[in-house]
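Inspection log for the structure reproduced underneath, given as structure tokens.
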Amino acid sequence: MSDEIILATHGLGKEFRGFAAVSGVNLQIRRGTIHALIGPNGAGKTTVFNLLTKFLPPTGGRIEYDGEDITGLRPAEVARRGLIRSFQISAVFPHMSALDNVRVALLRTAGGAHRFWSSNRALDAFTERAMSLLDDVGLSEFAHVLAVELAYGRKRALEIATTLALEPKLMLLDEPTQGMGVEDVDRVTALIKRVAVGRTVLMVEHNLKVVSTLADRITVLARGQVLSEGDYATVSNDPRVMEAYLGVSAEEAAQEATHA
């Protein structure tokens, strides 16, 4: 595997009682890029995420991460190697402050365990770093606000901060703007762009405006298989993608493109 490729799949597949939810998926995620995984409902995006993070075992193919075959590893083992999934598996405790959420995540990274009935002195050593991470995601002024009291978009920002505290080499973001209004979408999009500098991000996202703004490369899934891949201009003009998303036949889409 090239030194530029941090994550690759080879013929990745998953069957459920004979139904192929994912079949023959080959991905190559380049280090230091934002790579989006998109597709219509039922395309297999979440299944691929579950396979990559080891919450599902594949029935075919293999997964290589950072030069190592991780196909047979457990979720905690790949997380310790820096492959961290955010949003779906949240590290946020609703009745703890934003600051304490990040400090607990930092304590976990350092190999400690927080006992809720004991003193918080063990967390004090992480306050400075936690405040820095909160500042990175625009939450420093909300450090002492309970997570449950944060606006929806700011809760997502806190989840990013706790994910960053786990020192990811590869961040997997599952529908980061799902359920948000326009203002929150714009805020979280800008946040992802900012924290992705110098990092690698693989994201599942339905909002194509977000994808066009953020993604260096896009893989389109349909019926569990890779349909198209490239930058946004390439995939958005692919007749097969139009057919998958809009129900327009490949022939009709090609004719539209010819007469445009």
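The values are calculated or read from the model by the stated rules, or taken from the named source; none is laboratory data. Just so you know, these numbers come straight off a predicted model, no measurement behind them. Neighbour counts are summed over all protein chains in view; Cβ atoms, including those assigned to glycine, are modelled from backbone coordinates with ideal geometry. These area figures cover heavy atoms from the full protein model, side chains too; ligands, DNA and RNA do not enter into them. Shrake-Rupley method; radii C 1.70, N 1.55, O 1.52, S 1.80 Å.
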- Query: How large is the charge dipole for the stretch 184-243, taken about the Cα centre, if only the Cβ atoms of Lys, Arg (+1) and Asp, Glu (-1) carry charge, to the nearest 20 debye?
  - Reply: 200
- Item | Pair GLN178, ILE5: separation of 7 Å Cα→Cβ label points (nm) | 2.9
- The number of Lys pairs in the chain whose alpha carbons lie under 26 Å apart, excluding pairs fewer than 8 residues apart on one chain, is 16
- Nearest 5 is fine: what % of DSSP beta bridges in the chain come out antiparallel, could you say? 55
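Expressed in whole Å with the largest first, what are the equivalent ellipsoid semi-axes of the stretch 1-65 derived from the C-alpha gyration tensor as the square root of 5 times each eigenvalue?
21, 14, 9
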- Between THR59 and LEU208, 0.36 nm times their residue separation minus their Cα-Cα distance comes to what? 50.6 nm
- Accessible surface, the chain, averaged per residue in Å² (probe 1.4 Å): 50
- Assigning unit charges at the beta carbon (Lys, Arg +1; Asp, Glu -1) and nothing else, what dipole magnitude in debye, to the nearest 20, does the stretch 95-236 show about its Cα centre? 320
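Between VAL197 and LYS169, what length in nm is gained on full extension when 0.36 nm per residue of separation is reduced by their alpha carbon distance?
Values: separation 28, 0.36 × 28 = 10.08 nm, distance 1.20 nm.
Between VAL197 and LYS169, full extension yields an extra 8.9 nm.
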- How many nm separate the modelled label positions at ARG74 and THR109, each set 7 Å beyond the Cα in the direction of the Cβ? 2.4
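Less than 12 Å Cβ to Cβ from PHE49, Lys/Arg counted +1 and Asp/Glu -1: what total charge do the surrounding residues give? Don't skip to the end; give the middle numbers.
Values: positive: LYS14, LYS45, LYS54, ARG85; negative: ASP174, GLU175, GLU205.
Net charge around PHE49: +1.
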- Query: How much space per residue, in cubic angstrom, does the convex hull of the C-alpha atoms of the stretch 181-226 take up?
  - Reply: 79
- the chain: calculated mean residue ellipticity at 222 nm from DSSP helix runs of at least 4, using -39500 (n - 2.57): -10500 deg cm²/dmol
- Task: Give me the distance in nm between label points sitting 7 Å out from Cα along the Cα-to-Cβ direction at ALA151 and GLU15, one decimal.
- Result: 5.0
- What is the helix-to-structure angle for 98-109, meaning the angle in degrees between its Cα long axis and the longest Cα principal axis of the chain, kept from 0 to 90 and rounded to the nearest 10? 80
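I want the local charge near ALA165. Using Cβ-Cβ distances under 11 Å, sum +1 for each Lys or Arg and -1 for each Asp or Glu among the other residues.
Working: positive: ARG103, ARG108, ARG129; negative: ASP136, GLU159, GLU167.
Around ALA165, the charge tally is 0.
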- Query: Based on the Kirkwood radius over alpha-carbon pairs, what value in µm²/s does the Stokes-Einstein equation return for the translational diffusion coefficient of the stretch 137-253 at 20 °C and 1.002 mPa s?
  - Reply: 135
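What is the percent carbon and sulfur in the accessible area of the stretch 166-236, measuring with a 1.4 Å probe over the protein chains and ignoring ligands?
On the stretch 166-236, the fraction of accessible area on carbon and sulfur atoms equals 48 percent.
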- Task: State the extension gain, in nm to one decimal, for the chain segment bounded by ASN237 and GLU128, taking 0.36 nm per residue of separation less the distance between their alpha-carbons.
- Result: 34.5 nm
- Query: What fraction of the Cα pairs in the stretch 148-205, stated in percent, has a spacing above 18 angstrom?
  - Reply: 28
